[in-house]
Amino acid sequence: QLKDKLNERKRVSYKENPIRRRLESRIRESRIRANGGSFSKKDWLEILEKYNHKCIYCGTNEKPSIEHLIPISRGGKNEKENIALACYSCNVKKLNFL
C-alpha cells in the first residue's frame, strides 16, 4: 500500500539522517504552539472515558494514544474538541491523510 511505502521511506530517511527527525519534531511543536489550544490530564481522562478506552478506528484498547481529528499539520488545534482516542497502530497508519 501507498501508506506502507511512505512509512518505510520515512523510517529509512530518519535512520540515515537523525537531524531531520529532530527538526521535524520541532516544526510540529511550533505548529502546536501557533495553532493554540491545550488540554489537561483531566481532559485526557475524560476522553478515555468518552471512548470507553477503545480506538475509534479498530475498537481495540491496546496502547491508547492521542488522535487529532484534524491533524496539526492541517491546521487542527491541540484542544479537547479536536482529540479522540486511537490505538498507536491506527494512529501511525493514518498519518495526516484524513
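A few notes on this one:
- The accessible surface of the chain, taken with every protein chain in place and a 1.4 Å probe, is 52 percent carbon and sulfur.
- Dipole axis of the chain (+1 Lys, Arg; -1 Asp, Glu on Cβ), positive-most option in 69, 48, 59: 69
- Dipole magnitude of the chain about its Cα centre (Cβ charges: Lys, Arg +1; Asp, Glu -1), debye to nearest 20: 480 debye
- √(5λ) per eigenvalue of the Cα gyration tensor, the chain, largest first, Å: 24, 18, 11
- Ratio Rg/Rh, restricted to segment 1-47 and using Cα atoms, in which Rh is the Kirkwood radius: 1.17
- Residue 14 accessible area, assembled protein chains, probe 1.4 Å, Å²: 40 Å²
- Distance (nanometres) between label positions extended 7 Å along Cα→Cβ at residue 50 and residue 69: 0.7 nm
- For the pair residue 17 and residue 43, the difference between a 0.36 nm per residue extended length and the Cα-Cα distance amounts to 5.8 nm.
- Accessible surface ranking that places the most exposed of 94, 3 first, with a 1.4 angstrom probe: 3, 94
- Accessible surface calculations at 1.4 Å, restricted to protein heavy atoms, place the chain at 74 Å² per residue.
The values are calculated or read from the model by the stated rules, or taken from the named source; none is laboratory data. Just so you know, these numbers come straight off a predicted model, no measurement behind them. Note that each Cβ is placed from the backbone with ideal geometry, even for glycine, and that neighbours are counted across all protein chains shown. Keep in mind that these areas ignore ligands, DNA and RNA; they rest on the heavy atoms of the full protein, side chains included. Shrake-Rupley method; radii C 1.70, N 1.55, O 1.52, S 1.80 Å.
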